[in-house]
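In what follows, a structure is listed as structure tokens, so that the remarks can point back to it.
The values are calculated or read from the model by the stated rules, or taken from the named source; none is laboratory data. Keep in mind that what you see is a predicted model, and the values were worked out from it rather than measured. Reconstructed Cβ throughout: ideal geometry from the backbone, glycine too, with neighbour counts over all protein chains shown.
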Amino acid sequence: MKPEISLTQTPAHLRHGSNIGQPLTRRDGVLKVKGEARYAADNHPPGMLHAVLAVSSIARGRVTFLDVQAAKSHPGVVDVMTPANKPPLAEDPDAKTNPFMFRLDLLQNDQVRYANQAIAVVIAQTLEAATEGAALLSPRYQALPARVGLDAGESFVPPAIGIGNPSEVRHGDVEAGLAKASKRIDATYETPTQYHNAMEPHAIVAAWDGDTLSIDTPSQGLALAQGRIAGLFGISPEKIHIRSPFLGGGFGSKGLISGPQILGIMAARLVGRPVKLVLRREQMYGPVGYRAPTRQTIRIGADGDGQLTAIDHHAKTVSSTYDDFFEPAADASHTLYASPAIATSHEAVRIDTGTPLFMRAPGEATGSIALESAIDEAAQACGMDPLAFRLKNYAEVEPISGKPFSSKALRDCYAQGAERFGWSRRPLAPRQLRDEAGCLVGWGMGTATFPALMFQAEARAVVRSDGSGLMETGAHDMGQGAWTAFAQIAADGLGLELDQLEFRAGTSDLPDAGIAGGSSHTATAGMAIHNAGAAVIAKLADLATGDEHSPLFGAGNAGVVARGGHLFRRDDETRSESYAEILGRAGLTQIEARGNGAADPAAQSTYAMHAHGAVFAEVKVDPDLGQIRVIRLVGAFAAGRVINPRLVRSQIFGGMIWGMSFALHEQAVMDRRSGRTLNPNLSEYYVPVNADVPSLEALMIDEHDPHVNALGIKGVGEIGITGSAGAVANAVWHATGTRVRRFPIRIEDLVTASS
Amino acid sequence: MKTFDYVRPTTISDAIAAAAEPGAAYLASGTNLLDLMKGGVSRPHRLVDVTRLPGLDRIEHLPDGGVRIGALVRNADLAHDPDFAKSYPAVAEALLSGASAQLRNAATVGGNLLQRTRCGYFYDVASACNKREPGAGCDARNGENRLHAVLGWSEACIATHPSDFCVPLVALDAVAEIEGRTGRREVAIEALHRLPGDTPEQESVLEPGDLIVALRLPGEARMFSTHARYLKVRERTSYAFAIVSATAALRIEQGTIRDARLALGGVAPKPWRAHQAEQTLAGSSPTPAAFRRAAEAALVDAKPSGDNRFKIELAQRILVRALTLAAAGTPERMPALPASPFSSVSRSDPGEIYEA
Amino acid sequence: MNFSISLTVNGVRRDVELEDPRVTLLDLLRERLHLTGTKKGCDRGQCGACTVLVDGRRINSCLALAVSHDGADILTIEGVARGDQLHPVQAAFIAHDGFQCGFCTPGQIMSAIGLIGEGQAGDDPERVREGMSGNLCRCGAYSGITDAVLDVQKGLVEADRRRSA
């Protein structure tokens, strides 16, 4: 049964046009289904050579020998780039002048800091020759014992976590709250190492022309990449042209330019020819970031009525030995549930891995699965239904800060999701439901939330003398549908039909649209687009209303509405004029303006801004064999204005599948002695397959938020995981009566418990 | 991958001569070999492409009721052959539960028999592996080994055989027909794969140049067609190797088990025929108690090789389940999810109440 | 050693000189024939992004040696549409939003065409899901993919019914 795609159109939304809210099919759809969408590795500039990384098989130590001779003797190999002959860089790859500059492995020395670190690059005429050349290097090492896992060494309190949040937050007296509670939960949860594993491996085609650099590479942050490359190579950013029209998935792994991508640029410099470097799948496990494992201890206190008296959420995680990114898992407890006392804290150890990186809902997903499990355990201890318990502890204002929410339709999410799912029929006790074949059935839920972030973006809008429009911004589409959603916003912003609008994005020469990350892109770049459109319309209106030959003469800006390529007098729509006519009379070939999108600091300091949701899961568990299958997931989400329901539904589905995967499937297994990943592939590192996903439903709850931004957009890229991971974990408990606190839940966790 | 000679002989004897030399390997579809070569695990200097050898791609019905399947027959073609699927349903079910449709379309019968282990240390060429390098050691033994063997392993190697197809084949007494330097011979599939002992690098009894040309199932195996299943437990619904798997094939007459064929997968270096367990069932009624007895007998010699004790319990349970399902009768139609514990998914309606 | 092979690719005969037997069918298509619609997601037969039809069957082209497929008839994503006219599967993928980033999409579409041709799954969603499980989609567009395949299957059945009516 397919859910209806509702058109979220209300009169207030139809300011200029009616593209926003339409479930349009993707504008890049034809390209993608025909295989004509060009990804980085699809490029073949004339004279191009192939580069393949050679990577370390030890996690810690030094490279003492590379058989460069053997590699170079392989037919087709043109050169081998090592620390000894790499082109000089203008900046130390280990320099860190701001917290968003991550230290990179660019062959700066013979040191090895993690398994799969780049130790050389082989460049050849053919991909086959380069690949074998890399193998022929037969590196020798001086290896040191690898430090692996959460207990690898002395832990410390990080100075900051995530993208600069405080490690510890304390509100109220948690110990007192726990002491006076009539029910207490004290549980420890473990989450695994996970890899983004976008379907497209990181790749780059780099070509130098003097000190001008052209690259094709997937990027979620064009301007950031441009800046980083500029610093490393000592050239000005304008000399760097990055094309990233399509990314084969990002999920955070392509937010910052990575070491291997830079190595491709260096290789091109070395050989003086265009070079294509594509990571092999096994090489994706190490140098391009990952989600760090965590161990989280959650203590919850509740009184006799099920009201929370305290939440204490502590998370231990890891970072590399040479750089910082600490998964902010405990912060998940900041905003969801009302409690007079909330404390969150983090500690970390350094291990011999690559540096972790933000991975779809960093901290939010990781903390969510633990928190939602703990909340369920608290509900159980209080003898309450999990939904009733969550409603009992509903936060009317943001906990800790006390700020009102800019909007929070979470009650509607709970109600509509529960209704659609049939939650009211859920027996309280676990292990009560079976299907006709005797399989255990369980129903679980989780609350979803994600902050409504905005960064900064700029767009440029043009109206041309033929009445058509152009909107440009260096935005990024990694599958979330930016090309389509932004075009819809642009069309409405410019008062044009979609087929009269040209939308350009995906290259670094365009205005800086910030980063496609933090679920912020649609809001941020969308507002820039909206504002650029408004600015151009204002200019057109000025021209018309000031021109005595125009039907709009004297109307003044406020008296004009833009629609369908025309300006109309607001008080008399029979008086109108087309853009072409206005420009023609003014003797202009085009008119342009820029617009910015950014968070409003005043609104941000007044309101707590989050998207919310509720996810309900049904699982089946074979009672003897322990195999689990998610049967259906029903999510209800409130994320402000939905620009395109079709795209949003797909994003939510994607997030819900990631949540299921978090609970049941994904884990990178590392050998403790070598520090190497043992499943660096897509066969033993499980991402869900089609058959894992029988039924998904996503209800988008209407939510009008005038505070987050003028368009009311909150972003949906990551919220789907939060809530879903916990819902599945809780459903497994409900099916079996066994509470598994280690993720992914494995067959032996259930089989051992039942033997 | 390493450069290699590529030859494509047109006769079996030419193929044997080319492959008998050290460092040569047969190439059929390549779905296993090419993966191993890309991983640096296998580095043959010569590939002998057998895909154009004549006469190896037929399914022949034999006068004695058996079937001979050419080694080049594709996994998918065999599984979807209506007569074969009807006569040997557990074999078809096992085939369809393995890999993906794309791989099944390309992979050959011969290649499936000889596929190599998925042990992470075998694939990780920087790890110590006695299979890859005799005498180097076994890093799996004290490493991440929750998926490793509980039967038939040795201190030198604890890897498992990953094939689904081979499990019902050993249960049904399938035979491999081999052409080699010394002529033609036959080896029971049950005897084809070797236990590791001190020589885990010797995975089969094949000699250099030996080419499996056909697989034969005896006519007797058809007698199990009405009560035969293959079942597999894995960590996602499809496209994953077995944690454990089992086949059960029963001949039931007048409510009594006349003959039982049992085998396990995912638990040992070779597909594991459970003769002792079969004997406990002969003459029994097909009851849960009888099945549990059989399962215990099948795993009586099982020992964990690491963090895999749970596999012993799980293997017993899956054998009981396979027996239960076999006793209930082979389904009319291949299930939508072959070999899955979730035989069907009813799209649950909020209005539908499950029974407690 | 040089190998001269001849392939029919999307209906066009291509005579290829290969100096290297290591070239896979996938790399031949992408790097030498510059037919980059087929994607490399893993190169190890584990993701299905490289799915093409060879002699009418869907296979992973990354685990196929080009030299071994001398004489084969290959259909890639580039050969599926008729000019601007999309194949029903392509149109259905758009209509049902069976993709997001699009990287796995050519492989999904070739796999769907293969699945429908195999005639095993019919209109059973479970069989379609199982049959398409050899194509990973990290964006999670499975729901749309399954709906697209079922839609095309339904259309074929109706077309058949109309023809025989």
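Summary table below
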item	result
Lone qualifier among B:ARG68, B:ARG58 - being free of Cβ contacts under 8 Å to residues at least 24 places away in the same chain, closer than 23 Å to B:GLY183 by Cβ and away from chain C (no Cβ under 14 Å)	B:ARG58
Search result, residues across the range C:106-126 that are at the interface with chain A (Cβ under 8 Å from one of its Cβ atoms) and within 9 Å of the chain's Cα centre (by Cα)	C:PRO106, C:ILE109
Helices (runs of 4 or more DSSP H) lying entirely in the range C:57-151 (those with 1 or more residues that are under 24 Å from A:PRO245 (Cβ atoms))	C:88-95, C:105-118
Residue in the range B:29-40 that is within 21 Å of C:ILE5 (Cα to Cα), away from chain C (no Cβ under 11 Å) and at pLDDT 95 or above present	no
Residue list for the range A:653-668, restricted to those being at the interface with chain C (Cβ under 7 Å from one of its Cβ atoms) and touching a Pro at 6+ places or on another chain (Cβ under 7 Å)	A:ILE657
Hits in the range B:149-168 (condition: crowded, with 24+ Cβ neighbours inside 10 Å and more than 28 Å from B:ALA79 (Cβ to Cβ))	B:VAL150, B:TRP153, B:CYS157, B:ILE158
The listed residue being in contact with a strand residue (DSSP E or B) (Cβ under 8 Å, 6 or more places away or on another chain), within 14 Å of chain B (Cβ to nearest Cβ) and among the β-branched types (Val, Ile, Thr), out of C:VAL149, C:VAL67	C:VAL67
Matching option when the condition is among the aromatic types (Phe, Trp, Tyr) and within 14 Å of chain C (Cβ to nearest Cβ), among A:TYR189, A:TYR114, A:TYR141, A:TYR195	A:TYR195
Residues of the range A:77-130 satisfying the condition of being among the polar types (S, T, N, Q) and touching a strand residue (DSSP E or B) at 6+ places or on another chain (Cβ under 9 Å)	A:THR82, A:ASN85, A:ASN109, A:GLN111, A:ASN116, A:GLN117, A:GLN125, A:THR126
Sole residue being more than 14 Å from every other protein chain (Cβ to nearest Cβ), buried (at least 24 other Cβ atoms within 10 Å of the Cβ) and more than 17 Å from the chain's Cα centre (by Cα), chosen from A:GLY514, A:GLY493	A:GLY493
Subset of the range C:79-94 [more than 7 Å from chain A (Cβ to nearest Cβ) and not polar (S, T, N, Q)]	C:GLY79, C:VAL80, C:ARG82, C:GLY83, C:ASP84, C:HIS87, C:PRO88, C:VAL89, C:ALA91, C:ALA92
Residue count, the range A:669-696 (criterion: in a loop (DSSP other than H, G, I, E, B), within 17 Å of C:GLN108 (Cα to Cα), within 7 Å of chain B (Cβ to nearest Cβ) and in contact (Cβ under 8 Å) with a residue 12 or more places away in the chain)	1
Matching option when the condition is within 26 Å of A:ARG170 (Cβ to Cβ), at pLDDT 95 or above and surrounded by fewer than 24 Cβ atoms within 10 Å (Cβ to Cβ), among A:THR294, A:THR309, A:THR317, A:THR321	A:THR309
Residue identified as out of contact with any strand residue (DSSP E or B) (no Cβ under 8 Å at 6 or more places or on another chain), modelled with pLDDT under 95 and within 23 Å of C:ASP147 (Cα to Cα) among C:GLY122, C:GLY83	C:GLY122
Qualifying positions in the range A:198-236 - away from chain C (no Cβ under 14 Å) and touching an Asp or Glu at 6+ places or on another chain (Cβ under 6 Å)	A:ALA223, A:GLY231, A:LEU232, A:ILE235
So A:ALA452, is it touching a Lys or Arg at 6+ places or on another chain (Cβ under 6 Å), within 30 Å of A:GLY417 (Cβ to Cβ) and among the small types (Gly, Ala, Ser)	yes
Criterion (among the β-branched types (Val, Ile, Thr), over 28 Å from B:LEU95 (Cβ atoms) and not assigned by TED's automatic domain parsing to the domain that holds C:THR24) met by exactly one of C:ILE116, C:ILE145, C:ILE109, C:ILE94	C:ILE94
Complete set of residues in the range B:80-131 that are farther than 29 Å from B:CYS157 by Cβ and β-branched (Val, Ile, Thr)	none
Odd one out for C:VAL80 among (1) buried (at least 24 other Cβ atoms within 10 Å of the Cβ); (2) among the β-branched types (Val, Ile, Thr); (3) within 28 Å of C:THR24 (Cα to Cα)	(1)
Matching residues in the range A:477-527 - criterion: being in a helix (DSSP H, G or I) and touching a Ser or Thr at 6+ places or on another chain (Cβ under 6 Å)	A:ALA485, A:GLN500, A:ALA525
Number of positions in the range A:83-126 that are under 15 Å from A:VAL271 (Cα atoms) and either touching a Lys or Arg at 6+ places or on another chain (Cβ under 8 Å) or crowded, with 19+ Cβ neighbours inside 10 Å (or both)	7
Residues located in the range A:382-433, provided they are within 18 Å of A:ARG632 (Cα to Cα), of a type in the set (Ser, Thr, Tyr) and crowded, with 21+ Cβ neighbours inside 10 Å	A:TYR414
Residues of the range C:44-56 that turn out to be more than 9 Å from chain A (Cβ to nearest Cβ) and either aromatic (Phe, Trp, Tyr) or in a loop (DSSP other than H, G, I, E, B) (or both), as a count	4
Residue ID - nearest to A:ASN531 (Cα to Cα), chosen from residues in the range A:583-624 that are buried (at least 24 other Cβ atoms within 10 Å of the Cβ) and of a type in the set (A, V, I, L, M)	A:MET609
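Condition check ((1) surrounded by fewer than 16 Cβ atoms within 10 Å (Cβ to Cβ); (2) more than 22 Å from C:ASP55 (Cβ to Cβ); (3) in contact with a Ser or Thr (Cβ under 9 Å, 6 or more places away or on another chain); (4) modelled with pLDDT under 95) across all residues:
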residue: C:ILE113; (1), (2), (3), (4): no, no, no, no
residue: C:GLY131; (1), (2), (3), (4): no, no, yes, no
residue: C:ASN135; (1), (2), (3), (4): no, no, yes, no
residue: C:ALA141; (1), (2), (3), (4): no, yes, yes, no
residue: C:GLY144; (1), (2), (3), (4): no, yes, yes, no
residue: C:ASP147; (1), (2), (3), (4): no, yes, no, no
residue: C:VAL157; (1), (2), (3), (4): yes, yes, no, yes
residue: C:ARG161; (1), (2), (3), (4): yes, yes, no, yes
residue: C:SER164; (1), (2), (3), (4): yes, yes, no, yes
